[in-house]
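See structure below.
The values are calculated or read from the model by the stated rules, or taken from the named source; none is laboratory data. As the structure is a computational prediction, the values presented were derived from the model and not from experiment. Don't worry about glycine lacking a Cβ; one is built from the backbone with ideal geometry, like all the others, and counts go over all protein chains shown.
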Amino acid sequence: MSICLNLLLVLLIGSFVCGCNKTTVDGSLGRSDMATTNSSNAKFVKPFSPANPVNNQLESKQTDELPDVLAATNLEQWKSLIKDLKQDKMLRRHWMTARFRVGTPPVLIKHNGQSIIYKAEAIDVSLLPDTADFLEAEIYSPKMTIDETRELGLKLCSMLGFDSNKFLAWLISSSKNVMDAPSFRETDHSHLLFLDVRHSFSDKQPWFIIFSISEESAVLKLMGKPAH
């Protein structure tokens, strides 16, 4: 009799444990199903893309926060816009950023109602000799592929009013034999804004662009001509 009671007790305890396990497993399955449902719902969220208004707002905010380099007309303004601009220890009338800066921080170029976010690998600022007058600034892009060079070059041509067909013809010709191709250089009518595409001596990123800005009064003074 005692044996029968013990067996019955064992069976009852086993049933209770199985019931608990089943409840636990069922509960896990329920949570798994919920996770699947949430994952499925997440697919309906619009991807982050240039067409997304939120992204446009962020890009607009970024543009507003970038330094507009064409707004700088003297050394102090350049130093204010480009925080890591330092005076060269040997060439005292030259100020420059470190080469190959991490992250290549961009600057903003605004001209003729257009804006370009321009990654700046390095920036050089020169003063008129024996003065504190701003003479010229050169903004170096990172090394670029042919496609990247085309994209940035066409934007600059459009902004500065250069002949884009001339630039494209040069790019097509030079891409056939990069190492022997001449550099491309174009200036505006006042010779104050320059587009200069040079060899980077890299097979994968064969070009870099130097965008140059000159101050008219300083250039005229350097040439010994009276300012307008």
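Counting just the residues of segment 136-156 that are outside any helix (DSSP H, G or I) and under 15 Å from the mean Cα position of the chain (by Cα), which one comes out farthest from I213 (Cα to Cα)? Steps first, please.
From segment 136-156, those outside any helix (DSSP H, G or I) are 136-145; that's our starting set.
Still in the running and under 15 Å from the mean Cα position of the chain (by Cα): 139-145.
Numbers: I139: 9, Y140: 12, S141: 14, P142: 18, K143: 20, M144: 21, T145: 24 Å.
Here the answer is T145.
Would you check if T36 is at pLDDT below 50 and either farther than 29 Å from I209 by Cβ or not in a loop (DSSP other than H, G, I, E, B) (or both)?
The answer is yes for T36.
Considering segment 205-216 alone, what residues qualify as being under 11 Å from V178 (Cβ atoms) and surrounded by fewer than 18 Cβ atoms within 10 Å (Cβ to Cβ)? Full working, then the answer.
Quick first cut of segment 205-216, residues under 11 Å from V178 (Cβ atoms) only: 205-207.
Within segment 205-216, Q205 is the sole residue that qualifies.
So M90 clears everything in (1) within 17 Å of V69 (Cβ to Cβ); (2) more than 20 Å from the chain's Cα centre (by Cα) except one condition, right? Which one?
(1)
State whether one or more residues within segment 171-194 are buried (at least 18 other Cβ atoms within 10 Å of the Cβ), aliphatic (A, V, I, L, M) and under 22 Å from the mean Cα position of the chain (by Cα). Break it down stepwise before answering.
Filtering segment 171-194 for residues buried (at least 18 other Cβ atoms within 10 Å of the Cβ) gives 171, 174, 184, 186, 193-194.
Now restrict to residues that are aliphatic (A, V, I, L, M): 171, 193.
Next cut, under 22 Å from the mean Cα position of the chain (by Cα) only: 193.
Among the residues of segment 171-194, at least one is buried (at least 18 other Cβ atoms within 10 Å of the Cβ), aliphatic (A, V, I, L, M) and under 22 Å from the mean Cα position of the chain (by Cα), which makes the answer yes.
Picking from T63, T73, which residue would you name as being under 28 Å from G113 (Cβ atoms), modelled with pLDDT under 90 and part of a loop (DSSP other than H, G, I, E, B)?
T73
Select, from F162, F194, the only residue that is under 21 Å from K119 (Cα atoms), part of a loop (DSSP other than H, G, I, E, B) and touching an Asp or Glu at 6+ places or on another chain (Cβ under 8 Å).
After ruling out the rest, the residue left standing is F162.
Could you please let me know if K119 is of a type in the set (K, R), over 23 Å from K86 (Cβ atoms) and in the same structural domain as D88 (by TED's automatic domain parsing)?
no
Could you check segment 125-178 and list, in sequence order, the residues that are acidic (D, E) and in contact with a helix residue (DSSP H, G or I) (Cβ under 9 Å, 6 or more places away or on another chain)?
Going through segment 125-178, the residues acidic (D, E) turn out to be 130, 133, 136, 138, 147-148, 151, 163.
Result: D133, E136, D163.
Test F167 against the stated conditions and say whether it is at pLDDT 95 or above, hydrophobic (A, V, I, L, M, F, W, C) and assigned by TED's automatic domain parsing to the domain that holds T73.
The answer is yes for F167.
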